[in-house]
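Before any comments, here is the structure.
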Amino acid sequence: MKRIIAMSLIPATFAVGLAGTAWAGTDHTEMSDAQEVQAAMQSSMNLTQAVDAAQSLTGGTALAAGWENNDAGLWGYEVEIADAAGTVQTWFVNPADGSAEKVMETQDDHDETDEQDDD
């Protein structure tokens, strides 16, 4: 289940946090809400820490963040960052070690085609 969380909702989702270690390496690609909560309780990183990590790495400002799985099946935080040039990049933050990597445009579920459906 895909979730994008506006920055104004971070305090409300702080308790949910995220965890990748409990779910990583399994064949599952989706988690139920109950499984997400359980993983969050076992995580050493919360949503705010993931946003801080992505912002520190990029020097940009977070626009949205949510719990996602990457192409390797690892669950973690996906953070959308706006930079000084006005572009938006998506970064995946691994809650197990705090590392962050840029999500390639083809991997990003949030693309411009959704915005162009107004025709």
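Read-outs throughout are calculated quantities, based only on the coordinates presented, and are distinct from any laboratory measurement. Since this is a predicted model, take the numbers as computed values, not measurements. Backbone-built Cβ (ideal geometry, glycine too); neighbour counts: all protein chains shown.
When M31, M104, M41 are arranged by Cβ crowding within 10 Å, least crowded first, meaning fewest neighbours, the order is M104, M41, M31. As a rough guide to protection, the peptides 80-87, 49-56 ranked by mean Cβ packing within 10 Å, highest first, stand as 49-56, 80-87.
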